[in-house]
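Every number here is computed from the coordinates shown, using simple stated rules; none is lab data. Keep in mind that this is a model prediction, so the values were computed, not measured. Note that each Cβ is placed from the backbone with ideal geometry, even for glycine, and that neighbours are counted across all protein chains shown.
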Amino acid sequence: MQVQNAIPARSDLSLLDVAEGMREQLRAQSQANEQARRVDAKTIHALAQAGVFRMLVPEALGGHQVEPVEFVRVLEALGKGDAATGWCAMTGSTTGLLSAYMHDGGAELWTSQRDVVMAGVFAPMGRAQPVHGGYRVSGRWPFASGCENADVWMGGALVMTDAGPRLLDDGQPEVLSVFFDPADAIRHDTWHTVGLNGTGSHDIEVEDLFVPNERTASVFGRPPQPADPLYAFPLFGLLAAGIAAVGLGIGRAAIDDFLAELDAKRPRPGQRAPREQSHIQSAIATAEGELRAGRSLLMSTCVDLFAKAADTGQVTPTDRALLRVSATQAATATRRVVDALYELGGGSTIYERSRLSRHFRDVHTLSHHVMVQPASLQLAGSILTGAKTSARQL
């Protein structure tokens with residue numbers, strides 16, 4: 001992989017300031033991103049230069065190593081401007097978190113260039129055969145968000161031997177995240193979907209590709225470094241929180257855009273202005289309550305669990321379950337808010353020119369992600385009820 005400029009000193013500009021400052025630009029680009037089925041490359045480069053994709057990378061590797069609540073706020077702010085941009089920032093930055101789980105030699109992926117962008121899929125859809133110095137990897141991964149703008153791709157793979165899957169000490173199959181150059185892989189143009197079209201979440205594939213040991217990360221088989229509360233936080237919990245954060249941004253944008261579209265409507269003779277109609281006032285109050293409640297739960301859970309991780313160096317299975325509950329609750333609340341406003345908007349919301357139409361498509365695509373589907377609550381509930389189960393996927 002090509003080595004570019006060394007990482008310059010970190011900017012003192014807050015990542016949240018960067019994200020909030022780009023909102024109007026992202027709003028202006030959102031339709032073009034949707035039509036192009038990818039986020040504008042200049043936007044991704046600007047976010048990379050600002051360090052957004054390094055939010056969760058250790059400071060020792062030139063990252064920001066932010067607290068989870070800041071991670072959520074940055075993604076929420078980006079999602080307000082454009083859901084696709086927020087989504088790609090979410091997937092790229094959570095892929096960056098894997099830097100804490102890599103062999104020492106793998107640090108070069110992050111230290112060789114400041115604006116490196118990664119696209120990855122955690123799901124173990126690939127197979128990694130151990131060979132001298134690394135692995136022979138084959139696999140095809142759907143949902144590789146932002147892959148067209150990424151410098152490095154990643155996919156999850158089961159480690160396979162002649163005897164079958166290689167097992168860890170806890171008896172679970174060993175799963176690796178393997179990193180590779182897009183030039184060594186294939187992108188399949190599969191992303192033709194209802195919503196989040198701008199994420200460009202195509203399938204990516206490799207066949208019998210050699211991946212050296214230092215280009216792999218083992219989330220379950222290797223303790224993260226450094227020993228920081230951020231890396232005691234559950235990776236999948238952060239992923240769920242990030243998904244919900246983008247959803248919260250969509251929800252806020254939906255309320256703002258609904259009110260703006262109201263002002264464009266002319267009331268019939270003798271009819272009160274839309275903002276003065278009681279059913280609309282009640283609906284907006286309900287939407288605000290739903291969105292703020294989901295946001296407050298997610299934020300407070302992130303703050304509480306990070307404080308526990310700082311005190312004890314770990315997050316308990318119950319804490320992991322509560323984080324998944326809060327993320328799913330926030331995503332579900334956002335969907336209810338957008339659905340209600342979409343219905344209330346009447347015939348005007350069915351047109352592509354309506355921003356409510358895009359928010360509706362995006363939030364329904366987002367809420368289908370396995371990390372925030374209502375079905376994901378079953379695993380959290382099994383922990384909370386004391387059933388014998390593993391919290392590995394929380």
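Among Glu20, Glu276, what is the fewest-to-most ranking by other Cβ atoms within 10 Å?
On the way: Glu20 17, Glu276 10.
Ranking Glu20, Glu276 by Cβ neighbours within 10 Å, fewest first, gives Glu276, Glu20.
Amide H of Arg166: which non-local residues (sequence gap of 5 or more, or other chain) have their own amide H closer than 5 Å, using H built in the peptide plane?
Those qualifying (amide H under 5 Å, at least 5 residues apart or on another chain) are Val159, Met160, Thr161, Glu174.
With a/c under 1.5 counting as rounded, go ahead and sort the range 196-340 into rounded, prolate or oblate using the C-alpha gyration tensor (a ≥ b ≥ c being the square roots of the eigenvalues; past the cut-off, prolate if a/b is larger than b/c, else oblate).
Values: a/c = 4.33, a/b = 1.89, b/c = 2.29.
Oblate.
So how strong a dipole does the range 118-217 carry about its Cα centre when Lys and Arg Cβ are +1 and Asp and Glu Cβ are -1, to the nearest 20 debye?
Details: 6 positive and 14 negative charges, 22 e Å.
Roughly 100 debye, rounded to the nearest 20.
Would you look at the GNM of the chain, springs on alpha carbons closer than 10 Å, and say which of Glu70, Glu352, Glu288 moves the most?
Fluctuation is largest for Glu352.
Output wanted: per-residue J couplings in Hz (rounded whole) for the range 336-346, from phi through Karplus 6.51 cos²θ - 1.76 cosθ + 1.60, θ = phi - 60°, x for Gly and Pro.
Whole-Hz 3J(HN,Hα) from phi for the range 336-346: 4, 4, 5, 4, 5, 5, 4, 5, 5, x, x.
Please list, by residue number, every one of the trypsin sites (Lys or Arg not before Pro) in the range 303-379 that is coil in DSSP and has at most 13 other beta-carbon atoms within 10 Å. Write out the running numbers ahead of the final one.
Values: sites: Lys308, Arg320, Arg324, Arg335, Arg336, Arg353, Arg355, Arg358, Arg361; in loops: Arg353.
Within the range 303-379, the qualifying trypsin sites (Lys or Arg not before Pro) (loop, at most 13 other Cβ atoms within 10 Å) are Arg353.
With charges only on Cβ, +1 for K and R and -1 for D and E, what is the dipole size of the chain about its Cα centre, in debye, rounded to 20? Walk me through the numbers on the way to the answer.
Numbers: 36 positive and 43 negative charges, 229 e Å.
In debye, rounded to 20, the chain gives about 1100.
Convert each backbone phi in the range 72-84 into a coupling constant with the Karplus relation 6.51 cos²θ - 1.76 cosθ + 1.60 (shift: θ = phi - 60°), then list the ³J(HN,Hα) values in order as whole Hz, x for Gly and Pro.
5, 5, 5, 5, 4, 5, 5, x, 5, x, 7, 4, 5
I need to check one value: relative contact order of the range 253-394, counting alpha carbon pairs closer than 8 Å and at least 6 residues apart, in percent. Walk me through the numbers before you get to the answer.
Values: 129 pairs, mean separation 39.3, N = 142.
Result for the range 253-394 is 28 percent.
What ³J(HN,Hα) values, in whole Hz, does the Karplus curve 6.51 cos²θ - 1.76 cosθ + 1.60 give for the range 359-373 when θ = phi - 60°, with x put for Gly and Pro?
Karplus-based 3J(HN,Hα) across the range 359-373 equals 4, 5, 5, 5, 5, 6, 6, 4, 6, 8, 5, 4, 6, 10, 5 Hz.
Can you list the residues, at least 5 places off or on another chain, whose amide H is less than 5 Å from the amide H of His368, using H built in the peptide plane?
For His368, whose amide H was placed from the backbone, there are no distant partners under 5 Å.
Would you pull out the residues with amide H under 5 Å of Phe210's amide H, same chain only if 5 or more places away, H placed 1.01 Å from N?
The list, which skips near neighbours in sequence, is Val137.
If you build a Gaussian network model of the chain, linking Cα atoms that sit under 10 Å apart, which residue out of Gly249, Gly313, Gly126 swings the most?
Gly313
Roughly what % antiparallel, to the nearest 5, for the DSSP beta bridges in the chain?
Here the antiparallel bridges make up roughly 80 percent for the chain.
Leaving out same-chain residues fewer than 8 places away, which lysines sit with a Cα under 25 Å from that of Lys80?
Lys42, Lys265
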